[in-house]
Amino acid sequence: MKSLLRSLSLLLLFFSPFVNSAQALKMPIEWLEFSNTFEENSFQAAAKGDTNHLYLLLAAGGRMDSSTALANQEKLEQIFQSLDSAKLVRKSTKKIVKTVFNRVHEEIFYKYESNNQFCEIFETGFYNCVSASGMYSYFFSRLGIPHIMVEIPGHVYVMVMHDDETWVVESTDPRQGFYEIEMQSREELIEEYLARKLISPKQLNDPKLDSIVGSFDDREFVNPSRLVAIQYQNQSLYDLEAENYHSALQNHLKARFLAPDADYEEAAFIIGTWIEQEDYSKPYYFDLCRVNWTFFSEKEKLENLEAFEYYCARYLEKKIDRSIYEAWFDFFQEAYLSNDSALKYIRANRFITLGTEAFQKGKISETLENGKNCLDELPNDQSGITLVMSGIAMKIQAGKWMESSISDSLRSYNHHYPSLLENPIYRNLVAEIYILEAVNHVNRNQLSSAKRNLEELEETLGGSLPETVNEERVALAYSKVAHYSFRSSKREAQNWIERGLKYAPSNSLLLGLKDYYRKI
């Protein structure tokens, strides 16, 4: 119970559960799958505000049709007529409660069973606390006797409040199933909680005192729709235990449809377990994913971020198609909309997935593009680097890179994606291309371009060439630049020789030129 009402008169709730009544519904009825026409018609009527709770209770088992329901309704009517209501309601509260209790047990109930549906009362006489409370409530409502149904953890019972008396009507004990209780006033409860030190004297002036006092009461007053919902929810849990995941989901959704504002502690587990089955044929699949997401704490949401990689792998394994994969991508983007780092991670993994797919299909441009897009999101991502490297290799192997365009492309990559240079293979490629370009520029008498190549090489690689680069090729590039620089400046030529010796210290060509320039 959310808060304690101020007096017994306010506490009194008078339910007429089996009279049609309007109710606001939040769960789309299109998500529900019905066992038969009777159940469907009962829910459709509820959706239109013409709720018949007796029919809903009878429909919950999925075994009863409309003709059988009418026959059972007639049976209840006959029992009610036999009560002689005009005389009975003038009796004492105890007499009314005792008469209803005894007549129900004599005419309807046979045996208590914890797991059953309301319809089984008419089939076998088996009942439990939920179905029994519904039956008691039916007759008290027909008699016009004020009462409430109460739920506590693991149990439901009825409280009759009439002529300043309060009686509990139970289902678990057919011999002592009804008894009178004394209701505590608000003041009496506060005194009790003060004595038990559940509240402090300071809290007596707290404007939220009623809410504080009410928090110690684990009772919840159950309206008729909530009672039917409890029956569906209980069946959902039994289905879950039996690993009938879709049936568990459907019974849970029906419970939420009837009582959308109730607290369903097991909802996340029921819906989450069904989601794990990946039944994408259901049009509401991703809607339920969004519903389930609302049950997660912020910490749990962060812990589930990497789940997106699972669906990336499922797509590459051809276990889900592109439309489902894109739906998951949209879901994760929506789920982490306010988390920039999470969004970068999600987008990067999508680019990795699409890039990997492109690589598998031999699509060069798409491989490169997705790799670069990944690095735009996560600059140091190794998968993104691998994709770019793979795309470059594919392009060279396919002969789609001319010498003039390779170096320009690498310069662009070095500028926009510096993390590529941490990859030994890429560093080796950059070194080889720059060295080759420097030699070719010298051979074409383009000395300034050759110098620029070597300067870029040193700047880009931080003065440390990959060990896999051939020293002879390095020495050739530096010696050629030094040789042609000597025409204008001996000092400059010597400088290029010294720079070359840093990378090829034992190269005979460079050492010979160094000695030659020193002597002349």
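Overview of values
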quantity	calculated
Dipole of the chain, positive end: most advanced residue of S281, L204, F332 [Cβ charges, Cα centre]	F332
Whether region 429-520 is rounded, prolate or oblate, judged on the alpha carbon gyration tensor where a/c under 1.5 counts as rounded	oblate
Nearest-20 debye value, region 429-520 charge dipole, Cβ charges on Lys, Arg, Asp, Glu	580
Net charge of Cβ neighbours under 10 Å - reference F286; Lys, Arg +1; Asp, Glu -1	-1
The chain: DSSP helices with Cα axial extent of at least 27 Å and average Kyte-Doolittle hydropathy no lower than -1.0	340-360, 424-443
Residue order, fewest to most beta carbons within 10 Å, for F359, F118	F359, F118
Cα-based equivalent ellipsoid of the chain: semi-axis lengths in Å, sorted from largest, via gyration tensor	84, 26, 15
Under Karplus coefficients 6.51, -1.76 and 1.60, residue-wise ³J(HN,Hα) of region 155-166 in Hz, glycine/proline x	7, 9, 8, 10, 10, 9, 10, 8, 6, 6, 10, 10
Rounded Å value of the spacing that divides the Cα centres of region 230-248 and region 317-385	37
Label-point separation in nm, L511 to D206, each point 7 Å along Cα→Cβ	8.8
Over region 429-520, relative contact order from alpha-carbon pairs under 8 Å, at least 6 apart, %	25
Efficiency of FRET from Cβ geometry, D84 and S341, R₀ 56 Å, rounded to 0.05	0.15
Gain upon complete extension [K319, N115; 0.36 nm per residue less C-alpha separation]	69.6 nm
Within the chain: Cβ-based charge dipole about Cα centre, in debye rounded to nearest 20 (Lys, Arg +1; Asp, Glu -1)	2220
Förster radius 45 Å - calculated FRET efficiency between Q44 and Y310, Cβ distance, rounded to 0.05	0.70
Label-point gap, in nm, between A71 and I425 - each point 7 angstrom along Cα→Cβ	7.6
Sum of side-chain charges, I364 neighbourhood, beta-carbon under 12 Å (Lys, Arg +1; Asp, Glu -1)	+2
Ordering of 476-486, 374-384 by packing [mean C-beta count within 10 Å, highest first]	476-486, 374-384
Sorted by Cβ density within 10 Å, fewest first, the residues Y127, Y245	Y245, Y127
Rounded FRET efficiency, nearest 0.05, which uses the C-beta distance separating E455 from S412 and R0 of 22 Å	0.80
DSSP-defined beta bridges in region 88-165 - what % are antiparallel, rounded to 5	80
Summed side-chain charge close to F80 - residues other than F80 whose Cβ falls under 11 Å, Lys, Arg +1, Asp, Glu -1	-1
Given charges at Cβ of Lys, Arg, Asp, Glu: the chain dipole, positive-most of L88, A268, F140	A268
Positive-end residue of S464, A431, A482, charge dipole of region 429-520 with Cβ unit charges	A482
All aspartates and glutamates inside 15 Å of K480 as judged from Cα atoms, apart from same-chain residues fewer than 8 positions distant	E437, E455, E471, E472, E492, E498
Entries in K48/K95; K197/K254; K254/K318; K319/K363 that, when Cα-Cα distance is taken, lie over 31 Å	K48/K95; K197/K254; K254/K318
Antiparallel %, DSSP beta bridges [both residues in the chain], to 5	90
Relative contact order, percent, the chain [alpha-carbon distance under 8 Å, six or more residues apart]	9
Footprinting exposure proxy for T172, T367 (fewest neighbouring C-beta atoms within 10 Å first)	T172, T367
Nearest-20 debye value, region 228-367 charge dipole, Cβ charges on Lys, Arg, Asp, Glu	620
Relative contact order (%) - criterion: Cα under 8 Å, at least six apart; region: region 188-336	14
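No lab work stands behind these numbers, since they all come straight from the coordinates. Computed from a predicted model, the values in this text were never measured in an experiment. Backbone-built Cβ (ideal geometry, glycine too); neighbour counts: all protein chains shown.
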